[in-house]
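Asks: First the structure, then my questions, so here it is.
The values are calculated or read from the model by the stated rules, or taken from the named source; none is laboratory data. Because the structure is predicted, anything quoted here is derived from the model rather than measured. Because the Cβ atoms are built from the backbone with ideal geometry, glycine has one as well, and the counts that use them run over all protein chains shown. Note: accessible area is taken over every heavy atom of the protein model, side chains too, but ligands, DNA and RNA are not part of it. Shrake-Rupley method; radii C 1.70, N 1.55, O 1.52, S 1.80 Å.
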Amino acid sequence: MKKSVRKNRMITAAVITAATAAFAVLGLTVFRPQLKAAVRAASGAVSGLRYRKYLSYPDTDGKTVIRIDPGHGGSDPGATSGFLGDVTESDINCRLARLVGDRLEKYGMTVVYTWDENTEPSEKGDYPYQKRSEEANADPETDLYVSIHCNSFTDPSVSGSRIYFCLEVSPYSYGLAKSISDGIGEVHDFAPKLYPMKYKNAFWVIKYTKAPSVLLETLFVSNRGDAERLLDESWLSKEADGIAAGIRNFIKSK
């Protein structure tokens with residue numbers, strides 16, 4: 001009888017162990033997106049507490065200079081998509097950058113573009129990212145750097161907006177990213193997700209630009225719905241409203 005009880009207990013324990021392991025594997029597979037979202041939300045909450053003193057930028061000299069970087073340009077069209085027709089990512093980046101700049105100038109800020117339709121390519125080729133960062137770093141009056149892009153992926157079902165930043169360069173980059181995300185969330189039915197990047201893997205312009213900087217991936221040109229929005233002038237106008245409002249709200253004048 002004792003042997004039978006012991007055997008039953010061993011079988012029960014084995015079944016429970018196997019079931020737990022199976023649930024763990026299945027759970028990680030089935031609920032992976034939810035787990036990732038929960039981890040990112042928790043990470044965002046921790047960052048919010050840790051970097052709360054960087055949620056506004058002290059504009060000590062009273063002259064706010066925003067450097068706006070439309071991604072790609074010149075002979076580099078950036079991402080292309082059948083959903084965009086003849087329009088390229090570079091075209092959209094430049095258009096949105098101009099809309100944002102117009103709004104910031106109305107707020108009384110000074111806007112500097114890394115390039116626009118009137119910029120002549122350099123001898124070393126169009127508008128290299130190294131030069132964009134170098135020029136920003138050479139200008140002591142540059143307060144913030146905002147790089148505007150569109151995203152693309154092999155899976156056309158992937159959509160949405162993201163903002164990348166690197167805390168190792170400037171902790172204020174978190175506040176800038178959050179404020180822009182909040183601003184966009186006020187004008188659209190979504191807010192871009194925040195993606196902190198480690199220094200060694202960060203995009204060039206947020207890795208080597210000394211001023212608080214972010215890289216905004218507006219939407220996916222590879223997604224039909226996203227592409228339609230990017231081609232919609234009224235949608236772009238609202239996007240510019242949100243970005244500019246986020247930048248304005250981040251600036252704390254003396």
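Asks: Checking the conditions here, which among 169, 146 is touching an Asp or Glu at 6+ places or on another chain (Cβ under 9 Å) and either hydrophobic (A, V, I, L, M, F, W, C) or modelled with pLDDT of 95 or more (or both)? I'd like the intermediate steps shown before the answer.
Replies: On the way: 169 fails: touching an Asp or Glu at 6+ places or on another chain (Cβ under 9 Å).
Answer to the selection: 146.
Asks: Let me ask something else about it. Go through 228, 239, 168 for me and flag whichever is in contact with a Phe, Trp or Tyr (Cβ under 6 Å, 6 or more places away or on another chain) and not β-branched (Val, Ile, Thr). Let's see the steps before the verdict.
Replies: Numbers: 228 fails: in contact with a Phe, Trp or Tyr (Cβ under 6 Å, 6 or more places away or on another chain); 239 fails: in contact with a Phe, Trp or Tyr (Cβ under 6 Å, 6 or more places away or on another chain).
When all the criteria are applied, what remains is 168.
Asks: Show the residue pairs meeting these rules: Cβ distance below 7 Å; 6+ apart or different chains; first residue within the range 128-155 and farther than 24 Å from residue 95 by Cβ; second residue open to solvent by less than 10 Å² (accessible area, probe 1.4 Å).
Replies: Between residues of the range 128-155 that are farther than 24 Å from residue 95 by Cβ and residues that are open to solvent by less than 10 Å² (accessible area, probe 1.4 Å), the close pairs are 137/209; 141/65.
Asks: So, one more: With (1) within 20 Å of the chain's Cα centre (by Cα); (2) touching a residue at least 24 places away in the same chain (Cβ under 8 Å) as the list, and residue 88 as the residue in question, which single condition is left unmet?
Replies: Result: residue 88 fails condition (2) only.
Asks: Looking for something open to solvent by 40 Å² or more (accessible area, probe 1.4 Å), at pLDDT 55 or above and over 18 Å from the mean Cα position of the chain (by Cα) - is there at least one such residue anywhere in the range 65-73?
Replies: no
Asks: Condition (residue is among the β-branched types (Val, Ile, Thr) and part of a loop (DSSP other than H, G, I, E, B)) applied to the range 112-125: is it met by at least one residue?
Replies: Filtering the range 112-125 down to residues among the β-branched types (Val, Ile, Thr) leaves 112, 114, 119.
When the remaining residues are screened for being part of a loop (DSSP other than H, G, I, E, B), the result is 114, 119.
Within the range 112-125 (the criterion being among the β-branched types (Val, Ile, Thr) and part of a loop (DSSP other than H, G, I, E, B)), the answer is yes, since at least one residue qualifies.
Asks: I would also like to ask the following. Among the residues of the range 80-104, which ones are buried (at least 20 other Cβ atoms within 10 Å of the Cβ), among the polar types (S, T, N, Q) and more than 15 Å from residue 114 (Cβ to Cβ)?
Replies: Hits for the range 80-104 are 81, 88.
Asks: Go through the range 109-126 residue by residue and tally those that are under 21 Å from the mean Cα position of the chain (by Cα) and open to solvent by 30 Å² or more (accessible area, probe 1.4 Å).
Replies: Going through the range 109-126 one residue at a time, the tally reaches 2.
Asks: Collect the residues in the range 52-64 that are open to solvent by 20 Å² or more (accessible area, probe 1.4 Å) and either part of a helix (DSSP H, G or I) or not aliphatic (A, V, I, L, M) (or both), keeping them in residue-number order. Lay out the reasoning, then the answer.
Replies: Going residue by residue through the range 52-64, those that are open to solvent by 20 Å² or more (accessible area, probe 1.4 Å) are 52-58, 60-63.
Listed by number, the residues that qualify are 52, 53, 54, 56, 57, 58, 60, 61, 62, 63.
Asks: Using beta carbons and a limit of 6 Å, which pairs, at least six apart or on different chains, have the first residue in the range 57-68 and without any contact (Cβ under 8 Å) to a residue 60 or more places away in the chain and the second one among the basic types (Lys, Arg) and crowded, with 19+ Cβ neighbours inside 10 Å?
Replies: Short answer, once both residue conditions are applied: none.
Asks: Testing residue 148 on (1) under 19 Å from residue 222 (Cα atoms); (2) in a loop (DSSP other than H, G, I, E, B), one condition comes back false. Which one is that?
Replies: Every condition holds for residue 148 apart from (2).
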